[in-house]
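What follows is a single structure, written as structure tokens, with notes after it.
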Amino acid sequence: MSDPYLDKVYTARTDDETRELYDAWAKTYDAAVEGEGYATPRRCAEALHALIPDPTAPILDFGCGTGLSGLALRLAGFTTIDGVDLSSGMLDLARERQTYRRLSQIGSDDPLPGGYAAIAAIGVIGAGAAPLHALERIFDALEPGAICVFSFNDHTLEDPDFEALVDRRVADGSLTQLFREHGPHLPGKNIESTVYVVEKK
């Protein structure tokens, strides 16, 4: 039987509705996505590690959820990972992994902390999750020379505005695209994603 939250997560909603959904989904989230072969965290972590070989480089895991993304970053070799998320229920489970140096709840308009070599937004930006302006906040929060790894799944890619934002930032010279690859996201659902890595100029 398919997880009911996984079937409805791609529906657009307000920030409060998103927080409530992920709080309710927290306890079954890992089983739901891992049961469908969730591949994007590993792909993002490996792409980032290829560009940041220093394992101690501080990484901010934006929208860290239950910590699957942090675990992927840890397995890729990173040792200094902080996480922020909208959902307190998800953060409670992320804490149990003991993967993160720090974990904090963040509001939809709260400023992002600074001082990171990279910000990761893995499986976070797009339909049913963080809206496009969240990615703009991440880009703006990057320090010169810092890197962002993020992903858009197939549902998100149906809206041309998401790719257009990335292309516009690259074209205006504020970002350099270092990596871009389409591949598996949730193979069990026949959903793929594009993984991007960009650098702030």
I'm told Asn190 meets every condition in (1) closer than 19 Å to Pro41 by Cα; (2) at pLDDT below 95; (3) surrounded by fewer than 13 Cβ atoms within 10 Å (Cβ to Cβ) except one. Can you identify the failing condition by its number? (2)
So Gly123 clears everything in (1) assigned to a strand (DSSP E or B); (2) within 23 Å of Ala50 (Cα to Cα) except one condition, right? Which one? (1)
Of those in the range 1-29 that are among the polar types (S, T, N, Q) and part of a helix (DSSP H, G or I), the residue modelled with the highest pLDDT is Thr28
For the range 67-89: of the residues being at pLDDT 95 or above and in a loop (DSSP other than H, G, I, E, B), which is nearest to Ala130 (Cα to Cα)? Gly67
Which of the following residues is free of Cβ contacts under 8 Å to residues at least 12 places away in the same chain and over 20 Å from Ala134 (Cα atoms): Pro53, Pro58? Pro53
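Just give me the residues in the range 46-56 being over 21 Å from Arg137 (Cα atoms) and modelled with pLDDT of 95 or more, in sequence order.
Within the range 46-56, the first condition is being over 21 Å from Arg137 (Cα atoms), and the residues that meet it are 46-47, 49-56.
Result: Glu46, Ala47, His49, Ala50, Leu51, Ile52, Asp54, Pro55, Thr56.
Scan the range 30-40 for residues that are in a helix (DSSP H, G or I) and either acidic (Asp, Glu) or more than 15 Å from the chain's Cα centre (by Cα) (or both) and jot them down. Break it down stepwise before answering.
Applying the first criterion (in a helix (DSSP H, G or I)) to the range 30-40 yields 30-34, 40.
The answer is Asp30, Ala31, Ala32, Glu34.
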Name the pairs: first residue in the range 108-121 and aromatic (Phe, Trp, Tyr), second residue in a loop (DSSP other than H, G, I, E, B), Cβ to Cβ under 6 Å, at least 6 apart or on different chains? Tyr116/Pro58
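How many residues, within the range 149-201, are over 23 Å from Tyr38 (Cα atoms), assigned to a loop (DSSP other than H, G, I, E, B) and either within 15 Å of the chain's Cα centre (by Cα) or in contact (Cβ under 8 Å) with a residue 24 or more places away in the chain (or both)?
Of the residues in that region, 3 qualify.
The values are calculated or read from the model by the stated rules, or taken from the named source; none is laboratory data. Please read these numbers as outputs of a predicted model, since none were measured by experiment. All Cβ positions, even for glycine, are placed from backbone atoms using ideal geometry, and neighbour counts span all protein chains on display.
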